[in-house]
Amino acid sequence: MLNDWTSWGPLALSMAGAVAGVGWAVGRVWGMQRRVAPPHPNARTARFLAQGFALAAVLWLAYGLYTGYARFLPAADRAWQLAVHASALWSVPLFISAIVWAASIAMGWVMRLLQREGEDGARPR
């Protein structure tokens, strides 16, 4: 089989799904971080946690893409590899996105706690 771009189509769509899932989760955490107003005493902490989450999500995406799709790269006959590992085309992006999605829910809880911590009515001295 000729090594043409049609053999990369399903693989590229699968990778795009993983990137979109991680992007959605990072966007969700950044949206929650922006709800903590800059004058809030915990705004810096929320921003730091959101940056750490984004870094961890990108590292997890890179690791997941490498380990999930590395079996397709050295394939001489990519069509055969895609047929043998067809379930990986939907399970790898779901696994990558599910881990980041669960972490974004936990980060949402932390962001809400940070936001509510300064709203108890106590004034800083």
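Details
- The numbered conditions (1) in contact with a Gly (Cβ under 8 Å, 6 or more places away or on another chain); (2) within 30 Å of G118 (Cβ to Cβ) are all true for R34 except (1).
- Selection count where residues are modelled with pLDDT of 85 or more, within 30 Å of H40 (Cα to Cα) and of a type outside the set (A, V, I, L, M), scope the stretch 95-124: 7
The values are calculated or read from the model by the stated rules, or taken from the named source; none is laboratory data. Remember, predicted model here, so these are calculated numbers, not experimental data. Heads up, the Cβs are rebuilt from the backbone with ideal geometry, glycines too, and the neighbour counts pull from every protein chain shown.
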